[in-house]
Amino acid sequence: MKIAHSAASPYVRKVMACAIARGLNDKIERMKIGTTDPALLAFNPLSKVPTLITDDGMSLYDSPVICQYLDSIGTAPKLYPSPGPALWTALRQEALADGILDATQPRRREIALPQDEGRKAYIALQQGKVARALDALEKEAGSLGMLTTIGEIAIGCAIGYLEFRYANEPWKPGHPKLEAWYDKVLKLPPLAETMPVG
């Protein structure tokens, strides 16, 4: 398999963390290809990372799709629980974590632009989404495991992105249970081996 890869992308990190958890890391070749590179369009009309090219040449894109594909191959324990309450919890947690990323990634561009009232309001709106998501995660931090589900992996990657890109906006105050959980799972291979750079 091949993946259009960026070492700074939290969505790529989530996919690679899943690959490590599923024992597939050494079966994926990283292609360093930028989202503005026309070559990426041959695999993904949206020209986004991550994009996975499977062994049989199928292109898959968007991290939730790729993570589900990786969960369908290999023999390691599944990251997506069997249908039922545990699955819905894991998928909800993944959606909440991806929502943190969706609220933070575009904001990086906005910060670099002239700060008119509209832009300030947009930034505040996105900050509010992240703050509420972190508060929700704090309430369920006591039930989070050791990166055994897609939800837990996604949460770890989202928090890691906040630390990577928004160190000036500390997330730990007011979230002691989430902090304690993150400190434990940060040492596990799926997160330890995928630390963002760039």
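Observations on the structure shown:
- Whole-angstrom gap from segment 83-98 to segment 48-62, using each part's C-alpha centre: 23
- Per-residue 3J(HN,Hα) values for segment 139-154, derived from phi via the Karplus relation 6.51 cos²θ - 1.76 cosθ + 1.60 with θ = phi - 60°, read 5, 10, 4, x, 9, 6, x, 9, 6, 9, 10, 4, x, 5, 5, 5 Hz in sequence order (x marks Gly and Pro).
- Choice from T75, T89, T51 with maximal GNM fluctuation in the chain (Cα, 10 Å cutoff): T75
- Taking amide H as placed 1.01 Å from N in the peptide plane, T51 has its amide H under 5 Å from the amide H of A4, each at least 5 places away in sequence or on another chain.
- Farthest toward the positive end of the dipole of the chain, out of T89, W181, A4, is the Cα of W181, where the dipole comes from beta carbon charges about the Cα centre.
- A Gaussian network model of the chain, with springs between Cα atoms under 10 Å, assigns the largest mean-square fluctuation among E117, E29, E169 to E117.
- Backbone HN-Hα couplings from phi across segment 168-175 [Karplus 6.51/-1.76/1.60, Hz, Gly and Pro as x]: 7, 10, x, 9, 5, x, x, 10
- Extension gain, D135-V197: 0.36 nm per intervening residue step, less the Cα-Cα distance, totals 19.6 nm.
- Summed residue charge, Cβ within 12 Å of L79's Cβ, Lys/Arg positive, Asp/Glu negative: 0
- From phi via Karplus (6.51, -1.76, 1.60), per-residue ³J(HN,Hα) for segment 114-125 in Hz, x at Gly/Pro: x, 8, 7, 5, x, 5, 4, 5, 4, 4, 5, 4
- Filter on K27/K184; K32/K78; K120/K177; K78/K129; K129/K177 - keep pairs with C-alpha separation over 22 Å: K27/K184; K32/K78; K120/K177; K78/K129
- Gain upon complete extension [Y166, A76; 0.36 nm per residue less C-alpha separation]: 29.0 nm
- Simple Cβ-charge dipole of segment 72-198, Lys/Arg +1 and Asp/Glu -1, about Cα centre, in debye nearest 20: 40
- Positive dipole terminus of the chain, leading residue within N25, G142, N168 (C-beta point charges): N168
- Area of L41 that stays accessible when all protein chains are in place (1.4 Å probe, Å², to 10): 100
- The chain - mean residue ellipticity at 222 nm from DSSP helices (-39,500 (n - 2.57) per run, n ≥ 4, rounded to 500): -17000 deg cm²/dmol
- Candidates S72, P45, T194 compared by Cα position along the dipole of the chain: farthest toward the positive end lies T194, with charges placed on Cβ.
- Protein accessible area in segment 81-191, 1.4 Å probe - carbon and sulfur %: 61
- Among N25, N168, N44, the largest mean-square fluctuation in a Gaussian network model of the chain, built with springs joining Cα atoms closer than 10 Å, belongs to N168.
The values are calculated or read from the model by the stated rules, or taken from the named source; none is laboratory data. Please read all numbers here as calculations on a predicted model, not as lab measurements. Cβ sites come from the backbone with ideal geometry, for glycine too, and all protein chains shown count toward neighbours. Only protein heavy atoms, including side chains, enter the accessible area calculation; ligands, DNA and RNA are left aside. Shrake-Rupley method; radii C 1.70, N 1.55, O 1.52, S 1.80 Å.
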